[in-house]
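Down below is the structure, laid out as structure tokens.
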């Protein structure tokens, strides 16, 4: 039997599958040639219910791990590490001792022993990506074996059957935003979708309309695409946001000119979770007869979206943000009245001639199933995430000198961005190896530069550098949130005690009144 308490995810490699076959245990060929990730059934209520009926999990349960030499070796090493650290307390001293580059730490071992979560960190980085739902995996598996036809082959049954599945998935993706299935274009992800819009619309109207409007807090792919159009002779207006992260609607309306071809405003910000007033923006753009595009990668399936009610003309979405596979996304393009854009890719004219290239049925089907699950379970997911988010925010803000970044009232609850004054964000992340977090966008968090989003809100470098983003999702548990609150509280306080600035604050010294001398 599988011991689910060992790790949050059990990976069955091709070598271990081969060992199983050698021991005369039946195993389908689809498993022997791939890696299958089995979710820890203790991780979440849904995983426990889903894993019990998942074919992928059922296949794995037929395998006796005792026959796999590599798995035995890994288990032995894990047990030895646990035994060595079994008595290590989760204390401040052990925390700072393990802020190094060794990778495997006594802190993590102590964490595993004390919490029972497993050998991997608690996952709190849902804005970067979400774990694939087991039901999505089940949907995808058949396309990796029997249903391998090209969906664009219309002369035989192999193509017909995959084409039908692709169109069913397109229906599910469209339903989640109140669109017609014919208005959905499949892409490789939200980055491609955003580039298609910014560059495609601009180039189509390059002879008559040379002005684009966006905001300073957009995702990097929108900002860089807009800057690229400046090099092609376009003028771009970057709207400011207030300290809550919201745009000023009057400024937007005043910025629209007769030669404006596009307004692009993100639906839910990927760093601070702020929700922009989409319906009001859509009304302004409709009145001014300007296309309205929104990057909804972080909003799709997580807040209510209706492209017709909100007068949205173009909308970018991504699969791996809604518990679907990576490598697949989509773009909603309004048909009536028709939105015109120039395609980025030349080729066979697939996807209404806007995105040439053969579709990947496994990814499309997985995306469709993920969208259907988001539609069917929207209310329960939202209630679960909101409850855990409220608890997390309350626990974190109970600490002195902490700030919630972005609007508290207009925010998607699954994204919580908090600044911890007098603590360097990177140092805190180093001290929190048992929790998977980030200091901002996954596309820019490798940079040591402070967040441009927080700068746009008026945060100084100190607060911007001390921010941490917490992501809560479908499979996050209350026990994990409790652990995160406790760990953050202990380690923030410990790191502050190392700071001379914190000591001065404790003594009542106003740091702004000090004249720091330079060398």
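In what sequence, highest mean first, do 462-471, 225-234, 167-176 appear when ranked by Cβ atoms within 10 angstrom?
With the highest mean Cβ count within 10 Å placed first, the list reads 462-471, 167-176, 225-234.
Which of the peptides 299-305, 426-432 is most tightly packed, and how do the rest follow, going by the mean number of other Cβ atoms within 10 Å of each residue?
Final packing ranking: 299-305, 426-432.
Any idea what the relative contact order of segment 285-324 is, in percent, if you count C-alpha pairs under 8 Å spaced at least 6 apart?
Numbers: 37 pairs, mean separation 19.2, N = 40.
With pairs under 8 Å counted, the relative contact order is 48 percent.
Remind me, relative contact order of segment 219-333 in percent, using alpha carbon pairs under 8 angstrom and six or more residues apart?
18 percent
In whole Å, what is the distance between the alpha-carbon centres of segment 315-393 and segment 202-256?
If we compute the Cα centre of each part, the gap is 23 Å.
None of the figures in this text is laboratory data; all of them are computed from the coordinates on show. The model shown is predicted, which means the values in this text are computed figures rather than measured ones. Using ideal geometry, Cβ is built from the backbone for each residue, glycine included, and neighbour counts are taken over all protein chains shown.
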